[in-house]
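**Student:** Quick one: the structure is below, questions incoming.
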Amino acid sequence: MHTVEPIRWTPEGVVLLDQRRLPSEVIHHTYTDYRELAKAIKDMVIRGAPAIGVAAAMGIALAVQRSRAKSIEELRAEFPVICETFAHTRPTAVDLFWAIERFKLRFEDLARPASKDEAATLERIRTELVKEALKVHEERREGDKSIGRFGAKLLPKSGRVMTQCNAGALATAGIGTALGVIRMAIEGGYRIEVIVPETRPYLQGSRLTAWELHQDRIPLTLITDNMVGHFLKTGGVGAVVVGADRIARNGDTANKIGTYGIAVIARENSVPFYVAAPLSTIDYSISSGEQIPIEERSEEEVTHLAGIRIAADVRAAHPAFDVTPARYITAIITERGVARPPFEESLNKLACAS
Ligand code: MRU
């Protein structure tokens, strides 16, 4: 199965595919300074919750690998600054904070003074954190395949499936969550056409999902966001499958702005609505979607299109995500299995399963 690669660890640095330039240009940048990599996350060079998690993991590893610290004490002083830099990039995608927590624990494990040879311990921290970042990436790849296998069984054997935004390889650094489900279904012989809403204002649907699917020759039809209701009512859509940026304990799900509306219309038309996400996207510390911080992005992304003003000089709003209440979600597909309502119970079971 061929998929695009949004991020790669190389001896020269972390290489990112610049998603801001797609689909017109395929350009890569190599990051050797972690601050630049954090800025790249903020600026949407890489985006999508799981991919942001991988980028933060590689970014922390890069920072430690290239740090000038000469003692563990110096590195221990620097480490929280590195983590904070990544924590201040995007507020909604919880995979970012999941990755940071994982690295904090691993760092403490490695830095605990077990040997008197400080130089050797420092070297070990550097190499082990790189290994940890590669492990996060590998887990993502394997997790996506597993989500895909569980999710494919829920899709219709033929017909149309709607998605939202881009929850594909570009967004996860694997085969994708929502698009991973579709990819696995197609690999299993399903005849599926993907309905891709363009996903204003940042156009992840038209710029990224349509491009990504087209690269893999997966049939698709691109629609504008205001066609969603029409297609769910009359377009023969058998299921909706989307990704997630953060899922609360009760199943309330934050995903790209517009997802909530799609879920409500899907329910109105008896179309099953699935969320596909790794367990790292579930925030067990919050009880409902009301506690999910929603990123506010620049008004200019609404008033301008490709640098051209398309509205009068007026105020505009750009919440980047919305929260779909759990009651509209048919099931949440994770790498450990499918959770069904009541989610508080089913998600908890999946977290405890090994
Ligand atoms: O603002 P973005 O492009 O990072 O938003 C991405 C989404 O909303 C995706 O649907 C979500 O992160 C899931 S990606 C597998």
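**Student:** Within the stretch 171-195, which residues are in a strand (DSSP E or B) and either open to solvent by 10 Å² or more (accessible area, probe 1.4 Å) or over 20 Å from Met44 (Cα atoms) (or both)?
**Tutor:** Arg191, Ile192, Glu193, Val194, Ile195
**Student:** Can you tell me which residue in the stretch 40-74 is nearest to the ligand (Cβ to nearest atom), limited to those that are more than 17 Å from Ala99 (Cβ to Cβ), charged (D, E, K, R) and assigned to a helix (DSSP H, G or I)?
**Tutor:** Applying the filter and picking the extreme gives Glu74.
**Student:** Give Ala244, Ala210 a once-over and let me know the one that is closer than 11 Å to Val196 by Cβ, of a type in the set (Gly, Ala, Ser) and at pLDDT 95 or above. Walk me through it before giving the result.
**Tutor:** On the way: Ala244 fails: closer than 11 Å to Val196 by Cβ.
It is Ala210.
**Student:** Cβ contacts < 6 Å: first residue farther than 10 Å from Thr253 by Cα and modelled with pLDDT under 95, restricted to the stretch 278-290; second residue part of a helix (DSSP H, G or I) and open to solvent by 30 Å² or more (accessible area, probe 1.4 Å), any location; separation 6+ or different chain. Result?
**Tutor:** Ser280/Trp98
**Student:** Taking the options Gly159, Gly151, Gly143, Gly168, name whichever one is open to solvent by less than 40 Å² (accessible area, probe 1.4 Å), at pLDDT 95 or above and within 10 Å of the ligand (Cβ to nearest atom).
**Tutor:** Gly168
**Student:** Taking the stretch 30-59 as the search range and keeping residues that are among the acidic types (Asp, Glu) and within 20 Å of Phe79 (Cβ to Cβ), which one is surrounded by the most Cβ atoms within 10 Å (Cβ to Cβ)?
**Tutor:** Glu36
**Student:** Moving on. I need the full set of residues from the stretch 321-354 which are aliphatic (A, V, I, L, M), buried (at least 20 other Cβ atoms within 10 Å of the Cβ) and assigned to a loop (DSSP other than H, G, I, E, B), in order please.
**Tutor:** Scanning the stretch 321-354 gives a single hit, Ile329.
The values are calculated or read from the model by the stated rules, or taken from the named source; none is laboratory data. Since this is a predicted model, take the numbers as computed values, not measurements. Methodologically, a virtual Cβ is constructed for each residue, glycine included, from the backbone with ideal geometry; neighbour enumeration extends over all protein chains shown. Remember, those area values only see protein heavy atoms, side chains included, never the ligands or the DNA or RNA. Shrake-Rupley method; radii C 1.70, N 1.55, O 1.52, S 1.80 Å.
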